[in-house]
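**Q** The structure that follows is given in the form of C-alpha cells.
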Amino acid sequence: MASPRLSEKAFKARYKQQFVDPAFEPLAQSIEQIASIAWQAYADSRKSPITRKAGPAFSDPDYDLSVDWIAAHEAVLQAQRRYEDLTAPPRLLIINGSSRSEHTCPGEMSKSFRLAEIARETIDKETKLAVEILDLSRLASEYGRNIHPCKACFSTAAPLCHWPCSCYPNHSLGQVQDWMNEIYPMWVAAHGIMIITPVNWYQVSSPVKLMMDRLVCADGGNPDPSLTQGKDAAKAKEVELAGWDYPRHLAGRLFSVIVHGDVEGAENVRHSIADWLRFMKLSPAGPSAELDRYIGYWKPYATS
C-alpha cells in the first residue's frame, strides 16, 4: 500500500487549517512554532508521549503503557465492579443513534432522541432501574467529540486488538479526543443496553457504525497490551496460535433494539444490530425487545 506519510510542508499546511480564522493572524509566529513541534512529534511517531511502567498486574511489568490507556483500563475495571455490585440498582444504557439535533445544521431534534426520552421517562416512572443516556448526536454537534474509525487490528490477530482499544489517542497523528474511552465503561457498567437508531441508506447511522466497529475489542480483545508488546503483529500472531481464550467482555448483558425508517431497510438494520449483539453473547430482553417500524412512511420529510 502507498505510504500515507506527509512531507513537512504538507503536514504543516494541513495542521494550520484549524487556525484559518483571521482572529489567529496576530499569533501566526506562535502558531508556526507550535506547528514545528507537532511536525517533530509526527516525524518521530510519538503516538503515546507519556507512559508509565505496566506493573505487576501485567505479563511484562516493565512494558511502557500509555497513561491514556491505563486511565481507560482503570475506568473499565471500575465499571465492571459497578456491574457486579448486587447492592446497587440494575443499570440501563439508552443510546440515541441519530446524528441529527437542533444544535447544528438539521435545526431540529431527531425522532431517535425523542424515542430515547420517552423510553427514559417510562423506565424512570415504572421501574427502579438506573438509566444513563448516550447521545451519539454529540459527534455532530459538540466540539472535540470524536469516534475514530476502527483500524481492524483484530483481523491481524485477536490479541493485537486490546481491551479497551489502545489505537487511540494517537498524538502524533492528531487522532485525539476519542469518545470511546468514555463509552466503553458505559457499556460495561450496564446490565441492559437499548439502541435506538434511524435507517441511513439501508444501514445503521454513521455514529452507530463507528461505535459498533470500535466495540470489537469487547469481544475477544486482549486486556494486556504488554502481552503483545504493544502493536507487535508477529508477537500477537504467536500468542493467538498458542491458544487464545477469546474473552467475552460484555457477555450476559441484555439488549433491546428499536429501529425506525421512512421508506425501506428497517428490518435489515434491526437484524444487523441484533445479530451483532447476539454474537457478543448479549441476550434480547424478552420477545418484544427487537422492534422495527416506519414513521411517516413515504411522507414529506418537512412534516415527519
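**Q** Given the conditions (1) under 25 Å from PRO90 (Cα atoms); (2) part of a loop (DSSP other than H, G, I, E, B), report the number of the one that TYR246 does not fulfil.
**A** (1)
**Q** Report every pair of residues separated by at least 6 positions or lying on different chains whose Cβ atoms are under 6 Å apart, first residue within segment 233-249 and touching a residue at least 40 places away in the same chain (Cβ under 8 Å), second assigned to a loop (DSSP other than H, G, I, E, B) and surrounded by 16 or more Cβ atoms within 10 Å (Cβ to Cβ).
**A** From residues that are touching a residue at least 40 places away in the same chain (Cβ under 8 Å), the pairs are ALA233/THR156; ALA236/ALA157; LYS237/ALA157; GLU240/ALA157; TYR246/GLY220; HIS249/TRP163.
**Q** Do any residues in segment 269-291 that are modelled with pLDDT of 95 or more have Cβ atoms under 6 Å from those of residues that are of a type in the set (Lys, Arg) and outside any helix (DSSP H, G or I), where the two are at least six apart or on different chains, and which pairs are they?
**A** LYS281/ARG248; LEU282/ARG253
**Q** Please specify each residue of segment 103-123 satisfying the condition of being surrounded by fewer than 18 Cβ atoms within 10 Å (Cβ to Cβ), assigned to a loop (DSSP other than H, G, I, E, B) and at negative phi.
**A** Selection gives HIS103, THR104, CYS105, PRO106, GLU108, MET109.
**Q** What number of residues within segment 124-148 are surrounded by fewer than 13 Cβ atoms within 10 Å (Cβ to Cβ) and touching a residue at least 40 places away in the same chain (Cβ under 8 Å)?
**A** 0
**Q** Another question, then. Restricting attention to segment 91-102, does a residue exist that is surrounded by fewer than 18 Cβ atoms within 10 Å (Cβ to Cβ) and in a loop (DSSP other than H, G, I, E, B)? Before the answer, list the steps.
**A** So in segment 91-102, the residues surrounded by fewer than 18 Cβ atoms within 10 Å (Cβ to Cβ) come out as 102.
Now narrow it down to the ones that are in a loop (DSSP other than H, G, I, E, B): 102.
Taking every residue of segment 91-102 in turn, at least one turns out to be surrounded by fewer than 18 Cβ atoms within 10 Å (Cβ to Cβ) and in a loop (DSSP other than H, G, I, E, B).
**Q** Name the pairs whose Cβ atoms lie under 8 Å apart, with the first residue in segment 1-12 and under 14 Å from LEU173 (Cβ atoms), the second among the hydroxyl-bearing types (Ser, Thr, Tyr), and 6 or more positions between them or separate chains?
**A** Every condition considered, the pairs that remain are LEU6/TYR42; PHE11/TYR42.
**Q** Something else: So which of ALA140, ALA152, ALA157 is farther than 30 Å from ASP85 by Cβ, touching a Ser or Thr at 6+ places or on another chain (Cβ under 6 Å) and not β-branched (Val, Ile, Thr)?
**A** Values: ALA152 fails: touching a Ser or Thr at 6+ places or on another chain (Cβ under 6 Å); ALA157 fails: touching a Ser or Thr at 6+ places or on another chain (Cβ under 6 Å).
Among ALA140, ALA152, ALA157, only ALA140 is farther than 30 Å from ASP85 by Cβ, touching a Ser or Thr at 6+ places or on another chain (Cβ under 6 Å) and not β-branched (Val, Ile, Thr).
**Q** Please specify each residue of segment 13-57 satisfying the condition of being without any contact (Cβ under 8 Å) to a residue 60 or more places away in the chain, under 30 Å from PRO223 (Cα atoms) and surrounded by 10 or more Cβ atoms within 10 Å (Cβ to Cβ).
**A** Result: ALA43, ILE50, THR51, ARG52, LYS53, GLY55, ALA57.
**Q** What do you reckon, is LEU227 part of a loop (DSSP other than H, G, I, E, B) and either modelled with pLDDT of 95 or more or charged (D, E, K, R) (or both)?
**A** no
The values are calculated or read from the model by the stated rules, or taken from the named source; none is laboratory data. All of these numbers come straight from a predicted model, not from anything done at the bench. Glycine also receives a Cβ, built like all others from the backbone with ideal geometry; neighbour counts cover every protein chain displayed.
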